[in-house]
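This report concerns only the one structure given below.
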Amino acid sequence: MPYVDSQGVKLYYEEAGKGTPIVFVHEFADDLNGWAPQVRFFSRRYRCIAFNARGYPPSDVPKSRAKYSQAIATDDIAAVMRHLKLRKAHIIGCSMGGYAALHFGLRYPRLALSLTSVGVGFGSDPDKRKQFLRDTEVMARRFEELGAREAIKPYQIGPSRVQMQNKDPAGFAHFCAEFAKHSALGSANTLRGVQGRRPTVYALERGLRKLTVPLHMMSGDEDNNCLEPGLFIKRVCPSAWLTVVPNTGHAVNVEEPDLFNRLIAEFLAQVESGRWRPRDKRYYNQSTMTKK
């Protein structure tokens with residue numbers, strides 16, 4: 001099995017195709033296999049790399065919670081790129097992976113050709129913050145006390161997951177079955193070390209206002225925890241696109257893989273053709289009628 005060493009932790013990865021690199025970064029409830037429809041599609045033209053985060057076998061599952069954080073998750077992407085000798089890559093992440101992609105752009109902008117962050121912002125809205133932190137700790141305890149299969153039962157039918165269950169029952173059943181195989185220890189440590197301690201997207205405003213790497217924010221229109229944060233990023237970041245996918249929940253890449261692939265292909269084509277541009281400064285004119 002191929003592994004990357006990141007600060008003494010082994011990260012399992014897979015790759016397919018040749019060409020400009022794309023690195024896929026998975027969400028909390030998934031692993032690299034969730035990107036299979038994207039790898040199959042984009043590996044026809046790109047070199048596609050997907051890896052399992054620390055805490056997700058066959059990657060190592062460190063016992064110490066200190067081995068898990070948002071900064072470490074971001075550095076793990078850089079470690080994958082260094083190991084594979086990638087000078088630059090498109091970074092595509094969902095949810096937890098979308099946060100990592102966003103932070104990667106802020107910390108390693110010279111390594112990123114573009115950033116795509118899907119379903120980012122959960123736990124950021126001030127009116128939902130306390131509930132998010134409580135839920136995070138409750139879920140971490142469930143993993144410790146019940147094991148993954150029992151722990152995930154309320155999580156997998158949350159308000160931004162039922163859309164997939166309604167659209168694609170077979171696909172949803174497969175998603176849940178794979179989720180149930182996750183490491184209970186790795187999931188608990190990820191919840192406490194990464195999810196529960198990461199900064200909100202609003203805390204990133206200063207960096208986002210300076211970000212020049214092409215950024216594609218994407219959210220399902222029924223992913224209520226991520227709509228406002230996504231709109232906030234669109235407003236403050238001059239390099240950001242925002243796509244809102246109708247009748248869709250949290251993990252757009254899993255729920256609507258064909259549409260997701262087309263949207264990403266268009267974004268990458270704009271970036272690579274030189275047609276992508278940062279926001280026109282005239283956007284900031286407060287008057288819709290007169291020039292100021």
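The values are calculated or read from the model by the stated rules, or taken from the named source; none is laboratory data. Keep in mind that this is a model prediction, so the values were computed, not measured. Note: ideal-geometry Cβ built from the backbone for every residue, glycine included; neighbour counts use all protein chains shown.
Quick one: in the range 46-75, which of the residues that are β-branched (Val, Ile, Thr) and in contact (Cβ under 8 Å) with a residue 40 or more places away in the chain is nearest to Pro21 (Cα to Cα)? Step by step, filter the range 46-75, then rank; the result is Ile49. If only residues of the range 192-235 that are of a type in the set (Asp, Glu) and farther than 19 Å from Phe260 by Cα are counted, the one that is modelled with the lowest pLDDT is Glu228.
For the range 129-154, the set of residues classified as part of a helix (DSSP H, G or I) and of a type in the set (Gly, Ala, Ser) consists of Ala140, Ala148, Ala151, listed by residue number. Residue count for the range 231-256, restricted to those that are within 15 Å of the chain's Cα centre (by Cα), surrounded by fewer than 20 Cβ atoms within 10 Å (Cβ to Cβ) and touching a residue at least 60 places away in the same chain (Cβ under 8 Å): 0.
Restricting the range 257-272 to residues that are touching a strand residue (DSSP E or B) at 6+ places or on another chain (Cβ under 8 Å) and without any contact (Cβ under 8 Å) to a residue 60 or more places away in the chain, which is farthest from Leu215 (Cα to Cα)? That would be Leu259.
Okay, residues lined up against (1) touching a strand residue (DSSP E or B) at 6+ places or on another chain (Cβ under 9 Å); (2) in contact (Cβ under 8 Å) with a residue 60 or more places away in the chain; (3) in a loop (DSSP other than H, G, I, E, B):
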residue	(1), (2), (3)
Arg40	yes, no, no
Arg44	no, no, yes
Ala101	yes, yes, no
Asp127	no, no, no
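Residue-level check: of (1) of a type in the set (A, V, I, L, M, F, W, C); (2) touching a residue at least 60 places away in the same chain (Cβ under 8 Å); (3) surrounded by fewer than 23 Cβ atoms within 10 Å (Cβ to Cβ), Ala78 misses just (2). Of the set (1) part of a loop (DSSP other than H, G, I, E, B); (2) closer than 23 Å to Ser69 by Cβ; (3) of a type outside the set (D, E, K, R), all apply to Tyr202 but (1).
A single entry from Ile22, Ile72, Ile92 fulfils the requirement of being in contact with a Gly (Cβ under 9 Å, 6 or more places away or on another chain), in a strand (DSSP E or B) and buried (at least 16 other Cβ atoms within 10 Å of the Cβ): Ile92.
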